[in-house]
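Note sheet for the following structure.
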Amino acid sequence: MNIWQAVLLGLVQGFTEFLPVSSSGHLVLLQKWFGIDPEYSMFLTVMLHVGTLIPVCIVFFKDILGLFTKPMTLLYLVIASIPAALVGFLLGDHIDAVFYGGKYLAPCFIFTALVLLQAELTAKTKPLYRDINAGNAALMGLAQAVAVVPGISRSGSTIAAGCFCGVDKEKNANFAFLMSLPVIAGSALLEGYDFIKSGSADIQFLPVLLGVIAAAVSGYVAIRVMLALVKKANFKWFSLYLVCLSILLLILP
């Protein structure tokens, strides 16, 4: 893998981790097109996930510190994280086997597009005023667990679930992004463990480092963009993009 491929993958990871278009689906697709070795791909994916943790910590630094003085918010975050943790730990290998190589990306992208359209419709026709509580945290957590499947957006699913529960737009966005911290960190740890267990590959560290930096920078931009879009509940253009991408995948061999 050369430097431009690593940087491109980093940019894609950063943008698509927080924009509602599925980072896992895009990474699987690009790595397949680039012909990247699966073992190398595993290590790169781990590092790119680490890169996307950086902008979350920067943007939500005060919120993260505030969790230690707001035990109920911390509890809701734990509740929301449990479903994805269980799915990843118990079914991660099975999901990887079923969806290996980009299988079913097109229908999963279509599913995400429909969820986003329904979320926008709900946000514009239903009053969104509720606080985060145990019930809607659990539902957002279940949505995040479904997004373990490549092609289903984590950020899109969790924010949509918050809309369906009537959660205030700003609180919905902030909580959805805080939810990304444990799931991204957990995903990186699991993938890192699998990489170590499989044996070390011939790693080129400069491309990986530049990919991580690209993921961190693009992730920061994506978070800022998404926070503004959630307040306007404007998701239809992401839906259109996903539909076009799905059609392209169905046409291409």
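For a quick check, take a GNM of the chain with Cα springs below 10 Å and name the residue from PRO182, PRO71, PRO107 with the largest mean-square fluctuation.
Per the Cα network of the chain with a 10 Å cutoff, PRO71 tops the list.
In a Gaussian network model over the chain where Cα atoms closer than 10 Å are linked, find which of ILE79, ILE196, ILE64 has the largest mean-square fluctuation.
In this elastic network of the chain, the residue with the biggest mean-square fluctuation among ILE79, ILE196, ILE64 is ILE196.
Can you tell which of ILE159, ILE58, ILE132 shows the greatest fluctuation in a Gaussian network model of the chain with Cα springs below 10 Å?
Highest fluctuation among the options: ILE58.
Would you mind working out the magnitude of the charge dipole of segment 65-195 relative to its Cα centre, with +1 at each Lys and Arg C-beta and -1 at each Asp and Glu C-beta, to the nearest 20 Debye?
Once rounded to the nearest 20, the dipole reads 440 debye.
Under 17 Å from a label point 7 Å along Cα→Cβ of LEU250: give me every residue in segment 110-129 with its amide N that close.
Backbone N within reach: 110-115.
Could you pull out every residue, at least 5 positions away or on a different chain, whose amide H is within less than 5 Å of the one on VAL167? Hs are placed 1.01 Å off N in the peptide plane, and Pro or chain starts have none.
Result for VAL167 returns ARG130.
For the pair ILE64 and LYS231, how long in nm is the line joining their label points, each one 7 Å along Cα→Cβ?
With each label placed 7 Å out from Cα toward Cβ, I get 2.3 nm.
How far is helix 23-34 tilted, in degrees, relative to the longest principal axis of the Cα atoms in the chain, given as a value from 0 to 90 rounded to the nearest 10?
Long axis of 23-34 versus the principal axis of the chain: about 20 degrees.
With every protein chain left in place, what is the accessible area per residue of the chain in square angstrom, probe 1.4 Å?
Per-residue accessible area for the chain comes out at 48 Å².
Tell me, what ³J(HN,Hα) does each residue in segment 159-166 have, in order and in whole Hz, if you take phi through Karplus 6.51 cos²θ - 1.76 cosθ + 1.60 with θ = phi - 60° and put x for Gly and Pro?
Ordered by residue, 3J(HN,Hα) equals 5, 4, 4, x, 4, 4, 7, x Hz.
Taking the Cβ-Cβ separation of ASP194 and LYS126 as r and a Förster radius of 51 Å, what is the calculated FRET efficiency to the nearest 0.05?
So the FRET efficiency works out to roughly 0.75.
Can you give me the angle between helix 134-146 and the longest principal axis of the chain, using Cα atoms only, in degrees from 0 to 90, rounded to the nearest 10?
Roughly 20 degrees, rounded to the nearest 10.
Bin width 5 Å, origin at 0, all Cα-Cα pairs of segment 159-253: what percent of pairs per bin?
Binned Cα distances yield the sequence 2, 10, 12, 15, 16, 16, 15, 8, 4, 1.
Of all accessible surface on the chain at a 1.4 Å probe, what whole percent is carbon and sulfur?
Carbon with sulfur: 73 percent of the solvent-accessible area.
Compute, for the chain, the length of the dipole vector about the Cα centre, with Cβ point charges of +1 (Lys, Arg) and -1 (Asp, Glu) only. Units Debye, rounded to 20.
That gives the chain a dipole magnitude of about 920 debye.
D for segment 7-131, whole µm²/s, Stokes-Einstein with Kirkwood Rh over alpha-carbon pairs at 4 °C and 1.567 mPa s: what number?
The Stokes-Einstein estimate is 75 µm²/s.
Pairs of lysine in segment 147-253 with Cα under 19 Å and at least 8 positions apart or on different chains: total?
5
Taking 8 Å as the Cα distance limit and 6 or more residues as the minimum spacing, I'd like the relative contact order of the chain as a percentage.
41
If you take the alpha carbon radius of gyration of the chain and divide it by 2.2 N^0.38 Å, what ratio comes out, to two decimals?
Expressed relative to 2.2 N^0.38 Å, the Cα Rg reads 0.96.
Taking the Cα centre of segment 45-135 as origin, sum charge times position over the Cβ atoms of Lys and Arg (+1) and Asp and Glu (-1), and report the length of that vector in debye to the nearest 20.
280
The values are calculated or read from the model by the stated rules, or taken from the named source; none is laboratory data. Treat the numbers as computed from the prediction; the structure is a model and nothing was measured. So basically every Cβ, Gly included, is an ideal-geometry build from the backbone, and we count neighbours across all protein chains shown. Areas reflect the complete protein model, heavy atoms only, side chains present, ligands, DNA and RNA absent. Shrake-Rupley method; radii C 1.70, N 1.55, O 1.52, S 1.80 Å.
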